[in-house]
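The values are calculated or read from the model by the stated rules, or taken from the named source; none is laboratory data. Quick caveat: nothing in here was measured; it's all calculated off a predicted structure. Virtual Cβ from ideal backbone geometry, glycine too; neighbours counted across all protein chains shown.
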Amino acid sequence: MVGIATHIQLEPGERYIEHVFGDSEGWHFADNGNHIFLKPKAENADSNLVLITDRRVYYFELHYSDVKKAGDKVFGLTFVYPQTKAAETAQAIERKRVAEAFQTPRPINTGYTMTGKRELAPVNVWDNKQFTFFRFAGAVDIPSIFMVNPDGSESIVNHHVQGTANDTVVVHKVAKQWVLRLGPAALSVFNEAYDPVGVSNTSRTASPEVIRDVVGGNQE
């Protein structure tokens, strides 16, 4: 019916690219994000519509109706895809599992001592024979962390930050000695229970529960 619009809601994130009417003179078309709006502008404007998005191609058969009662007319149409919902749910579960695995490292060795600038001292230091964890107080500047090599030189080691307050630095190695530096200040951290053999990191992540997967390749 002229003056009555139909709203089509596509999948969240889906983007309109192009459309073609069989009779473009008989219909108004508008889009906004994943929302499509159709409205007849002429009586007896039966036609079809091909709608192309960045994910799918839709085919609609359009029929003009001059009956004011709702009847079988469509005022709104929402597309829901079970496979997309299932994939989103699975991804959310996996993200939660990975986050929990990283948030709950199992401290094996807490035998650490420190000397130097106490203002740089972490609240706790521990390792799980694969990675070393430095947890700092919430309102401090986190220093740079260097591994001390056997010859006394210092090396930067890969690391990431975790914790609800981003207060724990996870260094991807276990060492006998570390040096924390912030400007001219320095603090030495000693692993009193250092085991040079340690445990091989077969998962190559900060948690043995999480496997690193390279896209387009095998797990590594």
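Before moving on, here are some points about what is shown:
- Residue pairs whose Cβ atoms lie under 7 Å apart, separated by 6 or more positions or on different chains, with the first residue in the range 7-24 and in the same structural domain as Asp54 (by TED's automatic domain parsing) and in contact (Cβ under 8 Å) with a residue 24 or more places away in the chain and the second of a type in the set (Asp, Glu) and loosely packed, with under 15 Cβ neighbours inside 10 Å, are Glu14/Asp54; Arg15/Asp54; Ile17/Asp54.
- In the range 11-42, of all residues being out of contact with any helix residue (DSSP H, G or I) (no Cβ under 8 Å at 6 or more places or on another chain), surrounded by 11 or more Cβ atoms within 10 Å (Cβ to Cβ) and acidic (Asp, Glu), the one that is farthest from Glu88 (Cα to Cα) corresponds to Asp23.
- For the range 174-200, filtering for residues that are part of a loop (DSSP other than H, G, I, E, B), under 32 Å from the mean Cα position of the chain (by Cα) and either acidic (Asp, Glu) or on the phi < 0 side of the Ramachandran plot (or both) leaves 4.
Here is a yes/no grid of residues against (1) aromatic (Phe, Trp, Tyr); (2) at pLDDT 85 or above:
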{"site": "Ile17", "(1), (2)": "no, yes"}
{"site": "Gly22", "(1), (2)": "no, yes"}
{"site": "Trp27", "(1), (2)": "yes, yes"}
{"site": "Lys41", "(1), (2)": "no, yes"}
{"site": "Gln91", "(1), (2)": "no, no"}
{"site": "Glu94", "(1), (2)": "no, no"}
{"site": "Ala101", "(1), (2)": "no, no"}
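- Selection over the range 7-63 of residues that are in a loop (DSSP other than H, G, I, E, B), in contact with a Phe, Trp or Tyr (Cβ under 9 Å, 6 or more places away or on another chain) and farther than 21 Å from Lys85 by Cβ gives a count of 6.
- Among the residues listed as Asp167, Asp151, Asp141, the single one being in the same structural domain as Leu180 (by TED's automatic domain parsing) and in contact with a Lys or Arg (Cβ under 9 Å, 6 or more places away or on another chain): Asp167
- Selection from the range 116-131 of residues that are part of a strand (DSSP E or B) and aliphatic (A, V, I, L, M): Val125
- Inspection of the range 177-186 finds no residue satisfying the criterion of being over 19 Å from Lys117 (Cα atoms), surrounded by 13 or more Cβ atoms within 10 Å (Cβ to Cβ) and of a type outside the set (Gly, Ala, Ser).
- Per-region count, the range 158-170, residues surrounded by 15 or more Cβ atoms within 10 Å (Cβ to Cβ) and aliphatic (A, V, I, L, M): 2
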